Amino acid sequence: MSLGRPSVPRRLVVVSNRVALPDQTATGGLASAMRAALQERGGLWFGWSGKIARHAGTGLHRRQDGEVAYATIDLSRSDHDEFYDGFANRTLWPLLHYRPDLVDYNRKHLAGYLRVNNLFAEQLLPLIGPDDAVWVNDYHLIPLAAMLRERGLRNRIGFFLHTPLPAAGLLIALPHHQELLETLSSYDLVGLHTARDRRALEEYFLHEIGASMRRDGRLHTPGGHGFRAEVFPIGIDTRQVAEAASHAHEHEEIHHLRQSLEGRALIIGVDRLDYSKGLPERFQAYARLLERSPALHRKVSFLQIAPPSRGGVPEYRQIRRELERSAGHINGLYAAPDWVPIRYVNNSFPHSLLSGYYRAARVGLVTPLRDGMNLVAKEYVASQNPDDPGVLVLSRFAGAAQELGDALLVNPADTEEVAEALERALTMPLQERRMRWRRMMDVLERQDITAWRNGFLTRLAGS
Ligand code: GDG
């Protein structure tokens, strides 16, 4: 099957739904990661332009920035609504984040999803050179390799899933799940964040597709496709984040934040406004902390940065309203003329400022109900002052918990447990903080974004 295939790819072609153009702030994990992955090595980044046009796919927008070329296409309104807001974000996203109660399945949306994947395949095919390695990202584009193969593409194609993958018992709730998920076998390599996700994929293929596992670790489907599923925990540009954080005091905004704290300990949360991030539960846990520890009143301040995302999806508008109410309620209960317990901010900030905010915080509070990895947890750790580091309180259900066992690990649904962890973090002795931080930082230095990218691409070249 691999006869005639080159083993060293000439150029990297990254495909993802959204493309972060050189002058745009990347506020999503995938965009931050892929930008870093391409910058060092160069290549082509292909995806949706973020624009709605009257006719989909009529024009290809091209741009060059150093070694990185960008090619994007527009989508029509109905393509966008059915593919992006519809099947990707109202069907697949909740399913992959263990929320079958929020799954909205609609055949029209599935048809739109397949239509846009076909459009991607059609537009991308002529841009791929004979030796290029193609790296497709995330749940928006699961069937893309199958569609490229149908058009005759024989290059190596890898896929990385940035979300968790739930067990087969949940996946089978999706109508027509086999038709969709079996297309993963058209890739040469499927990458996942954790061993749990990989086990879920293997079990699904073994039991639902009737695949077999070969001695060399490849899965073979009854349809004759063979592929590998492997674990590649995504990382951050650890050195760069640490460097940016150490210079952050030069920014006026960081100075103002520190000043406004008046010596209070800062707890920080930074998340896209998304129901998977466990924000209502987090607010309740903070309220519980204030309830059980009056001594902390006026001594602590919680800054939650939550830029809105996916505003076209009703569940996202609803959680936004819910959080506004909850923040107002908690401040109403506890605020004093000179103390606001929760600062809830719906803006996004550039990375250079974020790392300064992280460094100013004694506690990083990262409590998603489910998360593929969670880069904010890693950025928080990398931003700390080595002499006086803060403490990470981290959900067990973030992929990052597999690597960052020296965080205070919590079940985000247990508000009492989170409140206790917050109290422990706020009072943790310096020596323990340093020890935990050092061990986490060792992991982040080893498993950084470069290791992730090289690990995936080396495996793809050899698969
Ligand atoms: C998905 C998966 C997985 C920049 N400015 C802001 C902001 N950023 C950056 C953060 C961080 C990224 O956005 C958010 O990444 P996360 O990993 O925390 O979360 P998702 O966006 O859900 O990412 C996730 C990731 O893909 C990579 O595979 O780890 O599990 O869900 O780099 O610095 N973020 C926010 N506000 C800003 O102003 N929230």
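The values are calculated or read from the model by the stated rules, or taken from the named source; none is laboratory data. Since the structure is predicted, the reported quantities are computational estimates derived from the model, not experimental observations. A quick note on method: Cβ atoms are made from the backbone with ideal geometry, for glycine too, and the neighbour counts reach across all protein chains shown. For accessibility, only protein heavy atoms count, side chains too; no ligands or nucleic acids. Shrake-Rupley method; radii C 1.70, N 1.55, O 1.52, S 1.80 Å.
Overview of results
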item: Residue-by-residue Karplus 3J(HN,Hα) for the range 254-265, coefficients 6.51, -1.76, 1.60, Hz, glycine and proline x; result: 6, 4, 5, 4, 4, 5, 5, 6, 6, x, 6, 7
item: Proximal charge balance of A265 [Cβ under 9 Å; K/R count +1, D/E count -1]; result: +3
item: HN-Hα J in Hz across the range 446-458 - Karplus 6.51, -1.76, 1.60, θ = phi - 60°, x for Gly and Pro; result: 6, 9, 8, 5, 5, 4, 4, 4, 5, x, 5, 5, 5
item: Spatial separation of Cα centroids for the range 100-154 and the range 235-257, in angstrom; result: 38
item: Volume per residue of the C-alpha convex hull in the chain, rounded to whole Å³; result: 142
item: Nearest-10 value in Å² for the accessible area of E262, using the 1.4 Å probe; result: 130
item: Heavy-atom accessible surface of the range 321-463: percent carbon and sulfur, 1.4 Å; result: 48
item: Protein accessible area in the range 115-242, 1.4 Å probe - carbon and sulfur %; result: 49
item: Rg over Rh [alpha-carbon atoms, Kirkwood Rh] for the range 39-93; result: 1.09
item: Charged-residue dipole, Cβ positions (Lys, Arg, Asp, Glu), the range 381-463 about Cα centre, Debye nearest 20; result: 460
item: Estimated inter-spin distance, A336 and A111, nm [label 7 Å along Cα→Cβ]; result: 6.3
item: Average Cα contact separation per residue, the range 238-446, under 8 Å, 6 or more apart, as relative contact order %; result: 26
item: Residue-count net charge about R199 - beta-carbon cut-off 15 Å; Lys, Arg +1, Asp, Glu -1; result: -2
item: Assigned charges on the beta-carbon of Lys, Arg, Asp, Glu; the chain dipole about Cα centre (debye); result: 480
item: Summed residue charge, Cβ within 14 Å of R18's Cβ, Lys/Arg positive, Asp/Glu negative; result: +1
item: Isotropically averaged projected area of the range 238-446, using the convex hull of Cα atoms (one quarter of hull area), nm²; result: 10.8
item: Whole-number accessible area per residue in Å² for the range 359-463, which is evaluated in the context of all protein chains at 1.4 Å; result: 35
item: Interchain or long-range residues, amide H under 5 Å from A265's placed H; result: V300, S301
item: Solvent-accessible area per residue, Å², over the range 166-312 with all protein chains present [probe radius 1.4 Å]; result: 42
item: Listed residue (I236, M428, V68) projecting farthest to the positive dipole end of the chain, Cβ model; result: V68
item: Point-to-point label distance, D442-H207, nm (Cα→Cβ direction, 7 Å offset); result: 3.7
